[in-house]
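Here's the structure we're looking at; comments come further down.
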Amino acid sequence: MGTGRLTIDLEALVDNWTALDRASAGDVETGAVVKADGYGLGIAPVATALARAGARRFFVAIAEEGAELRKVLGEGPEINVFSGHMSGDGALLRDAALTPMLNSTEQVARHLAETRDLPFGIQLDTGMNRLGVEPVDWAALREPVLDRGPTLVMSHLACADEPDHPMNAQQLAAFTTMTEGLEVPRSFSATGGIVMGPQYHFNLTRPGIGMYGGMPFEDALPVAYLNIPVVQTRMVEAGETVGYGNAWTAERDSRIATIAVGYADGLIRAMGNKARVFCEGQPCPVVGRVSMDLITVDVTDLAEIPEVLEVLNPQQTVDDLAEAAGTIGYEILTSLGARYDRWIHGA
């Protein structure tokens with residue numbers, strides 16, 4: 001087989017969600033963020049496993065994702081759309097029974113005009129300046145919106161991966177002030193906010209990356225495992241080069257394995273010589289450039305020529321791989337390509 005095998009551990013996913021649910025203080029409800037095709041791992045198996053575990057509120061980025069998710073979950077679970085009510089979304093929101101998180105005066109007006117009887121939530125901008133109703137607009141909208149009965153009022157932290165960053169306290173104060181006296185459920189925390197403590201939890205938390213095995217949830221279990229077959233091995237003499245641009249020069253006689261994966265499969269080019277793969281727990285350095293379909297690896301120190309090498313395993317998480325590429329685990333997960341042979345464990 002020429003394709004790599006991506007194993008998705010749904011039991012670990014559920015264990016991570018359950019741990020984050022326990023960490024959400026008191027009677028706080030725990031939702032689940034499954035946007036971007038379940039962070040690249042497949043929205044159908046991911047959402048189905050989380051629903052069985054008890055998740056009842058799900059979050060996606062756009063209405064089209066929500067419609068796909070509704071087909072998976074059926075009636076019952078609430079599906080919230082972060083991008084709100086975009087132009088042309090009315091029929092889709094209605095047909096799939098989606099709940100948009102309205103982000104602006106324009107979206108509020110559109111939703112109430114086009115879909116007066118459909119539920120909605122409100123997203124507030126507390127300083128991230130990305131999505132959400134700004135404080136001055138909220139002051140004018142607050143009473144008319146509350147009269148229509150939103151299902152949720154939420155905001156999003158900009159620096160939750162840095163617990164000591166002053167922006168966290170600044171946003172918390174802003175959200176508290178903007179929502180003071182509301183009887184509507186409030187949501188402020190994704191994974192990072194959950195980890196920072198009960199003052200950030202309010203009524204509903206929205207774990208995302210932590211469910212999938214990523215930081216800043218330090219106790220997360222790995223969810224994705226990636227094994228890649230070796231296409232060819234060769235001996236390279238000291239002084240010879242490997243790959244595009246002569247990017248790596250052998251300092252000793254070396255055995256080089258070429259594996260069937262590349263940046264077309266989500267292992268981004270920036271990894272370069274900083275990355276490594278594994279053979280039964282033993283690390284092997286990537287050498288030369290990452291190309292579209294192939295990566296070269298120095299396997300000189302292995303006792304035997306390998307047939308398969310491990311990219312994601314218990315020794316190397318998505319965050320470890322991301323560090324080599326100068327990025328974040330989110331990008332690695334959501335970039336994992338369609339060519340992998342996907343194995344679902346715990347379905």
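The values are calculated or read from the model by the stated rules, or taken from the named source; none is laboratory data. This structure is a prediction, so every number in the text was calculated from the model and none was measured. Note that we place each Cβ from the backbone using ideal geometry, even for glycine, and neighbour counts take in every protein chain shown. Accessible surface areas use protein heavy atoms only, side chains included; no ligands, DNA or RNA. Shrake-Rupley method; radii C 1.70, N 1.55, O 1.52, S 1.80 Å.
Of all residues in segment 77-95, which are outside any loop (DSSP other than H, G, I, E, B) and either within 23 Å of the chain's Cα centre (by Cα) or over 20 Å from Ala36 (Cβ atoms) (or both)?
Glu78, Ile79, Asn80, Val81, Gly90, Ala91, Arg94, Asp95
Could you give every pair whose Cβ atoms fall below 7 Å, whose first residue belongs to segment 229-253 and is among the acidic types (Asp, Glu), and whose second residue is open to solvent by 100 Å² or more (accessible area, probe 1.4 Å) and modelled with pLDDT of 95 or more, counting only separations of at least 6 or pairs across chains?
Close Cβ pairs satisfying both conditions: Asp253/Met235; Asp253/Glu237.
Does Asp137 fit the bill of being free of Cβ contacts under 8 Å to residues at least 40 places away in the same chain, acidic (Asp, Glu) and under 26 Å from Leu98 (Cα atoms)?
In short, yes.
Just the residues that are open to solvent by 10 Å² or more (accessible area, probe 1.4 Å) and within 18 Å of Val34 (Cβ to Cβ), please, taken from segment 193-214.
Of everything in segment 193-214, just one residue is open to solvent by 10 Å² or more (accessible area, probe 1.4 Å) and within 18 Å of Val34 (Cβ to Cβ), namely Gly213.
Of everything in segment 50-76, what is more than 19 Å from Gly208 (Cα to Cα) and of a type in the set (Gly, Ala, Ser)? Give them in sequence order.
Within segment 50-76, Ala67, Gly74, Gly76 qualify.
Do we have any residue at all in segment 134-146 that's under 17 Å from Leu204 (Cβ atoms) and assigned to a loop (DSSP other than H, G, I, E, B)?
Within segment 134-146 (the criterion being under 17 Å from Leu204 (Cβ atoms) and assigned to a loop (DSSP other than H, G, I, E, B)), the answer is no, since none of the residues qualifies.
Among Gly84, Gly74, which is modelled with pLDDT of 95 or more, among the small types (Gly, Ala, Ser) and open to solvent by less than 10 Å² (accessible area, probe 1.4 Å)?
None of the other options fit; the residue is Gly84.
If you check every pair at least six apart or on different chains, which have Cβ atoms under 9 Å apart with a residue in segment 280-292 that is on the phi > 0 side of the Ramachandran plot first and a residue that is surrounded by 12 or more Cβ atoms within 10 Å (Cβ to Cβ) and of a type in the set (A, V, I, L, M, F, W, C) second?
As it stands, the answer is Glu280/Leu302; Gly288/Val242; Gly288/Ala247; Gly288/Trp248; Gly288/Ile256; Gly288/Ile295, since those pairs meet every condition given.
Scan segment 3-47 for residues that are open to solvent by 50 Å² or more (accessible area, probe 1.4 Å) and outside any helix (DSSP H, G or I) and report the count.
5
Mind listing whichever residues of segment 254-279 are in a loop (DSSP other than H, G, I, E, B) and either open to solvent by 50 Å² or more (accessible area, probe 1.4 Å) or free of Cβ contacts under 8 Å to residues at least 40 places away in the same chain (or both)?
Gly262
Checking the structure you have, find out if any residue of segment 287-309 is under 23 Å from the mean Cα position of the chain (by Cα), of a type in the set (Val, Ile, Thr) and open to solvent by less than 10 Å² (accessible area, probe 1.4 Å).
No, segment 287-309 has no match at all.
Within the group Tyr244, Tyr330, which residue is in contact with a Lys or Arg (Cβ under 6 Å, 6 or more places away or on another chain) and open to solvent by 70 Å² or more (accessible area, probe 1.4 Å)?
Tyr244
Can you work out which of the residues in segment 123-149 that are within 28 Å of the chain's Cα centre (by Cα) and open to solvent by less than 40 Å² (accessible area, probe 1.4 Å) is farthest from Arg110 (Cα to Cα)?
Only one residue tops the list, namely Gly127.
Are any residues in segment 150-183 assigned to a loop (DSSP other than H, G, I, E, B), in contact (Cβ under 8 Å) with a residue 24 or more places away in the chain, open to solvent by 20 Å² or more (accessible area, probe 1.4 Å) and not hydrophobic (A, V, I, L, M, F, W, C), and if so, which ones?
Residues satisfying the conditions are Thr151, His156, Asp161, Pro163.
Kindly establish whether Ala322 is open to solvent by less than 70 Å² (accessible area, probe 1.4 Å) and within 19 Å of the chain's Cα centre (by Cα).
It is true that Ala322 is open to solvent by less than 70 Å² (accessible area, probe 1.4 Å) and within 19 Å of the chain's Cα centre (by Cα).
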